[in-house]
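Structure, as structure tokens:
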Amino acid sequence: MRVLGIETSCDETGVAIYDTARGLLADALHTQAAMHEAYGGVVPELASRDHVRRVLPLIGDVLARAGLDLWEIDAIAYTQGPGLAGALLVGASVANALGFALGKPTVGVHHLEGHLLSPLLGDPAPSFPFVALLVSGGHTQLIEVEGVGRYRLLGDTLDDAAGEAFDKTAKLLGLPYPGGPALAALAERGHPGAISLPRPMLDSGDLDFSFSGLKTAVALRARAAGVDGRPGALPEGVRADIARAFEEAVVDVLVAKSIAALGATGRSTLVVAGGVGANRRLRERLTADVARRGGRVHFPELRYCTDNGAMIALAGALRLAEGTTSYAFSVRPRWELRTLAAA
Ligand code: KG4
Ligand code: ZN
């Protein structure tokens, strides 16, 4: 079965074709990062309009690359939520219009389920069960994954998500949007240990996170370092040391809690999903520390860590295999993962 996947929940238009027998046939992505950069964050109306412009050409693109005609697609999966309402509606409308026109089923996919299952695109793919560390711009969660639709939330952030903390701290340091990769690049030039920052919730005894205090600690450190309370005006070296300290603090907490989650569930496989999973220091530390305790870590390829159409096509294929289909133009901008059940 060939599934066309469409992702339009935020600022990336992602389209892919996943074949249940042959794997991923083609995927294409347009990122709006440059368009939103001038505003320091995603402007929802601009995002929706850009999805309208991009989605049909991208569908044409993946079909051409897979050597398929539109009617050779067996089903269409699209991100139904959570995300920006207007942006979600673009993908939902195109997917359902195609579904009606072609007489093919459509399935609305939960964006986070897409991230959770994205490591299955890898080779070798992890097998169930595993613990997933979901670290995106909107979420920081540890989830025990026993199978498709069988997710148990182990820990969550009490305030900012890790990616959000990266983005806000980057903004504070005068870095361009999206902040995560920019901050990580700046941190490479910082000296380890030059500045110390707290490790929030490290010893909380549970698997929850909190990152907003860390952002405040950075603001205070930066202010103490001078320049009229404008951290963006600090010398490059100081900003790099702050970035390094911030990144190490976040990574320390994510690694410690992930290992605690493996211990608490008795699982040996950790999979990492979501945009912050692209962070090099996090990948290195997790790989080393989980291996030390006899486990293994799976990372999606970098391009499948951030938003993409491939994970939606894959999750849609797995859902369709269980009999889930839905012709629905409704989108779910707010949608709790825990309300998902196996079909
Ligand atoms: O999963 P994602 O593409 O979008 C959703 O939030 O669903 O994640 C985006 C987040 C942003 O906060 C971005 O700054 C962060 O992932 N990110 C990174 C890196 N690359 C992307 N954070 C730290 N280091 C990176 N290399
Ligand atoms: Zn995402």
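Where does each of 196, 330 land when they are ordered by accessible area, with a 1.4 Å probe and the largest first? Please report the intermediate quantities before stating the final value.
On the way: 196 90, 330 60 Å².
Reading off the accessible areas and sorting them downward yields 196, 330.
What the phi angles of region 266-272 give under the Karplus curve with 6.51, -1.76 and 1.60, with θ = phi - 60°, is a coupling list of x, 8, 10, 10, 10, 10, 10 Hz, glycine and proline written as x. The number of Lys pairs in the chain with C-alpha atoms less than 24 Å apart, excluding pairs fewer than 8 positions apart on the same chain, is 4.
How would 336, 247 line up by accessible area, probe 1.4 Å, largest first?
Values: 336 105, 247 0 Å².
My answer, sorted largest first, is 336, 247.
In the context of the full protein assembly, residue 293 retains an accessible surface of approximately 100 Å², using a probe radius of 1.4 Å and ignoring ligands and nucleic acids. Here the accessible area of the chain is 53 percent carbon and sulfur, with a 1.4 angstrom probe and all protein chains present.
I need the Kirkwood Rh of region 70-127: take the reciprocal of the average 1/r across all distinct C-alpha pairs and report it in angstrom. Write down the numbers at each step before the final one.
Numbers: mean 1/r = 0.0795 Å⁻¹.
Averaging 1/r across every pair of different Cα atoms and inverting gives 12.6 Å.
With q set to 0.18, 0.20 Å⁻¹, the log10 of I(q)/I(0) for region 282-343, from the Debye formula over equal scatterers at the Cα positions, is -0.92, -0.99. Label region 164-206 by shape, choosing from rounded, prolate and oblate, from the square roots a ≥ b ≥ c of the eigenvalues of the Cα gyration tensor; if a/c is under 1.5 it is rounded, and otherwise prolate applies when a/b is larger than b/c, oblate when it is not. It comes out oblate by the Cα gyration axes.
Using 0.36 nm per residue of separation minus the Cα-Cα distance, give me the extension gain between residue 70 and residue 326 in nm, one decimal.
Numbers: separation 256, 0.36 × 256 = 92.16 nm, distance 1.98 nm.
Stretched fully, the residue 70-residue 326 segment lengthens by 90.2 nm.
Short to long, the 10 Å bins of the Cα pair-distance histogram for region 128-299 hold 11, 40, 32, 13, 3, 0 percent of all pairs. Ligands, DNA and RNA are left out, and with a 1.4 angstrom probe the accessible area of the chain is 40 Å² per residue.
For region 232-326, pairs of C-alpha atoms spaced more than 23 angstrom apart make up 45 percent of the total. Largest accessible area first, the listed residues 259, 6 line up as 259, 6 when surface is computed with a 1.4 Å probe on the assembled protein chains. Volume per residue of the convex hull around the Cα atoms, evaluated for region 15-170, comes out as 136 Å³.
Working from label points 7 Å from Cα in the Cα-to-Cβ sense, the residue 125 to residue 216 distance is 4.4 nm.
log10 I(q)/I(0), Debye, Cα-only region 14-96, no solvent, q = 0.13, 0.14, 0.16, 0.20 Å⁻¹? Taking Cα atoms of region 14-96 as identical point scatterers yields -0.45, -0.52, -0.66, -0.95.
In units of the rule-of-thumb radius 2.2 N^0.38 Å, the chain shows an alpha carbon radius of gyration of 1.00.
The values are calculated or read from the model by the stated rules, or taken from the named source; none is laboratory data. Predicted, not measured: the structure shown is a model, and the values here were computed from it. Glycine gets a Cβ as well: all are built from the backbone with ideal geometry, and neighbour counts include every protein chain shown. These accessible areas exclude ligands, DNA and RNA; they are computed on the full protein's heavy atoms, side chains included. Shrake-Rupley method; radii C 1.70, N 1.55, O 1.52, S 1.80 Å.
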